[in-house]
Amino acid sequence: MKLIHTADWHLGRTLHKLSLERFQEDFLDHIVELTRFEEPDALLLAGDVYDRAIAPTTSIRMFEDVLQRLTELTRVIVIPGNHDSATRLGFGSALFRDNLQFFSQTSRVGEPIVVQTDSELLNVYPVPFLEPDTARLTLADTVDDDGVLTKLTRSHQAVMEGALRRIDSDLQNRKGPAIAMIHAFIAGSATSDSERDISVGGAQSVTTETFVTMGSEQRRSRGLSYVAAGHLHRPQQFETDGPIIRYSGSPQPFSFSEATDHKSTTVLTIENEVVSVETVDVPQPYSLHQRTGTIDELITDVPDWAKTGYAHLEITDTVRPEHMYERIKAVYPNALLIRHTPPASTQQATYAQVDRKSPQDLAREFFELALGREVSNIEADIIDKTWSQVLDEEVH
């Protein structure tokens, strides 16, 4: 049995206002070709298909196109992540053919999708992103003295435990190994700047031990062999006394904190209930870079990637350099983030000087920071005239 595990496509994502659509199309072509080459029995997409709940129409068309191509090659199983709208992503799922299955309803947790070949059988348990405020009732499994369901604790840990107890209960009566698809934050994971916080009451994590015990003190089934996780963008894996827990990671970097990350897709093989994991590199159509230094250092010692790579540059001159943006852009045309960050002692001195600056100067500095460039003479004139008008109105 062979599976492809992927997640966190974030179709429609932008990077500091740069559209990543054309790069995401490259990845979708890659995942189709990888599926054609590997010939998996199923492809698991563990959430965050889109970057936001109401996805752009272009992203929807991209997803529709890649699903059409993928389902001609294998079965595709999809769960929504915290960025997706479960209702929108799951619309029409009851009408889809067997090769395409969206699992977006929390009430269905504990129902497996059985993937079967001539010699192997696998139980796949999809668990859509669990929003504690709603899942704590849907997954409630205890009643009070009046026979009323008692809500689970308002935490990601509690609702995941509830989901795993349902899986455990169903799995004890089934043959073959089992894996779960989840979209959650596992405690101890390595994060990046591009993930959205999912904390509830200050707690967003689920422990690895939860997947060993299946959410209870006494496990009833043989448990899981693998957990296909989505949500975190850095590929990473946990070895436990029970299942292998793995984040496939995002296929492309979505923040400068991921500049050096190694992006890949996970391919897992299950034979005689033993799971082996391999990774396949995802070709990267763009690169991210970070540099810090004085403006003279940055424009004199120019790296090979300067003309093509997307950059985040920190300018450390004590005094803000004149024509900073224009000088940097001349050397780094694809710089997306340019910041003047003088030494801390200089910053404190700068704050102390604010009171001595004119309102016009402060306004000009604000617009330069907001626009990412120096204001033009015409814009500076507008600022001066506006301030003069404000003073005139105050006098009269």
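With helices as the sole contributors, the chain gives -9000 deg cm²/dmol at 222 nm; each DSSP H run of n ≥ 4 counts as -39500 (n - 2.57), and the sum is divided by every residue.
Under the simplified labelling scheme, the V143-E120 pair shows an inter-label distance of 4.2 nm, with each label point 7 Å from Cα along Cα→Cβ. On the chain, 48 percent of the accessible area sits on carbon and sulfur atoms, based on a 1.4 Å probe. Axis of helix 359-371 versus longest Cα principal axis of the chain: the two differ by about 40°, to the nearest ten degrees.
Stretched out fully, how many nm does the piece from T14 to W305 gain, at 0.36 nm a residue minus the Cα gap?
Between T14 and W305, full extension yields an extra 102.7 nm.
For the options T279, T210, T142, a Gaussian network treatment of the chain with springs between C-alpha atoms closer than 10 Å singles out T142 as fluctuating the most.
Figure legend: label point modelled 7 angstrom from the Cα of R69 along Cα→Cβ; residues of the range 282-317 with amide N under 19 Å from it are 282-286. For a modelled paramagnetic label at I54, 7 Å from Cα along Cα-to-Cβ, the residues of the range 1-37 in reach, with backbone nitrogen under 19 Å, are 11-14. Axis of helix 21-38 versus longest Cα principal axis of the chain: the two differ by about 30°, to the nearest ten degrees.
Ligands, DNA and RNA are left out, and with a 1.4 angstrom probe the accessible area of the chain is 49 Å² per residue.
How would the range 110-206 be classified by its alpha-carbon gyration tensor: rounded, prolate or oblate, with rounded meaning a/c under 1.5 and the a/b versus b/c comparison settling the rest?
oblate
Pairs spanning more than 22 Å between alpha-carbon atoms, out of K2/K263; K263/K329; K17/K307: K263/K329.
Computed from Cα positions, the angle between helix 344-353 and the longest principal axis of the chain comes to roughly 50 degrees. If you run the Gaussian network model on the chain, springs between alpha carbon atoms under 10 Å, then out of M214, M160, M324 the most flexible one is M324. Straight-distance candidates among the lysines for linking to K385, with alpha-carbon spacing under 23 Å and chain neighbours fewer than 8 residues away dropped: K357.
The values are calculated or read from the model by the stated rules, or taken from the named source; none is laboratory data. Source: prediction; values computed, not measured. In this analysis, Cβ positions are derived from the backbone assuming ideal geometry, glycine residues included, and neighbour counts consider all displayed protein chains. SASA here: full protein model, heavy atoms, side chains in, ligands and nucleic acids out. Shrake-Rupley method; radii C 1.70, N 1.55, O 1.52, S 1.80 Å.
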